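Asker: Before we start, here is the structure in question, set down as structure tokens.
The values are calculated or read from the model by the stated rules, or taken from the named source; none is laboratory data. Please read all numbers here as calculations on a predicted model, not as lab measurements. Please note: Cβ atoms are built from the backbone with ideal geometry, for glycine as well, and neighbour counts cover all protein chains shown.
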Amino acid sequence: MKISFDSTSRMVLKDHNITSFFGGLAFTIVGLVIVTYSFSSGWYTSSSKSPDPMGTLFGILFGAIITIVGLYLLVTTKIITATLDKTADKGAFSFQGLIKRESKEIELSDIKELVLQKFITTSSSSKGGSHTYFNYILMFALKSGDEIPLEFGKVTSGLMDVLASPDENKKKEAQQVADFVGVSMRFVGPPSITDAFSAIKEGIAEGMVRYGKKQP
């Protein structure tokens, strides 16, 4: 999510979701290539000179599944734009997809608070390993009880999380938006590795102090 200013009273948040779009495009192309090859040439076993029916069927099904996954990513991926105008007291939210466009307009004075939510997801790789991701959602909570969620970024978890927590960067960005609108911001989600280590360190220090007080 990129944050920019058209003027001192107009903030724009935009996310093109390029990674998801090209990922879906790549899946679709690869799937179609596999399906086309399976239909035209078929798949052979090491001992046969003619296409193996089961191998060809498997190739078609496998290619079709990959194509469906790619098309799903293409259809569900959206370009997100949020324009916050303090002068007009308006907030315009646009979700442009491949098939349709959704939009919503609110008054900035109707925003109660901003909530930065963090989710942890994992995905398996072809080599048998797995990757952990931190997904962030910036929720515009309205006084009416309605909520407008915006995808606020996706960060790969790794050793750098120990040195520089990605939570802090996202909190600063979310707080920047909250300060511009003039509302409070709160964070909801599991702690980062840095926060967990800090909590353990504080717990040990507190335990040592209590132990010292018990000594004669």
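Asker: When you look at residue 49, is it modelled with pLDDT of 90 or more and basic (Lys, Arg), yes or no?
Answerer: Considered against the rule, which asks whether it is modelled with pLDDT of 90 or more and basic (Lys, Arg), residue 49 comes out as no.
Asker: Out of everything in the stretch 94-125 that is without any contact (Cβ under 8 Å) to a residue 40 or more places away in the chain and basic (Lys, Arg), what residue ends up being nearest to residue 138 (Cα to Cα)?
Answerer: Here the residue is 101.
Asker: Which of the strands (runs of 3 or more DSSP E) found entirely inside the stretch 56-122 contain at least 3 residues meeting this: in contact with a helix residue (DSSP H, G or I) (Cβ under 8 Å, 6 or more places away or on another chain) and in the same structural domain as residue 12 (by TED's automatic domain parsing)?
Answerer: Those strands (runs of 3 or more DSSP E) span 90-97.
Asker: Regarding residue 184, is this residue modelled with pLDDT of 95 or more, surrounded by fewer than 16 Cβ atoms within 10 Å (Cβ to Cβ) and of a type in the set (Gly, Ala, Ser)?
Answerer: Answer is yes for this residue.
Asker: Residues 145, 203: which one is surrounded by fewer than 16 Cβ atoms within 10 Å (Cβ to Cβ) and at pLDDT below 70?
Answerer: Values: 145 fails: at pLDDT below 70.
After applying the criteria, what remains is 203.
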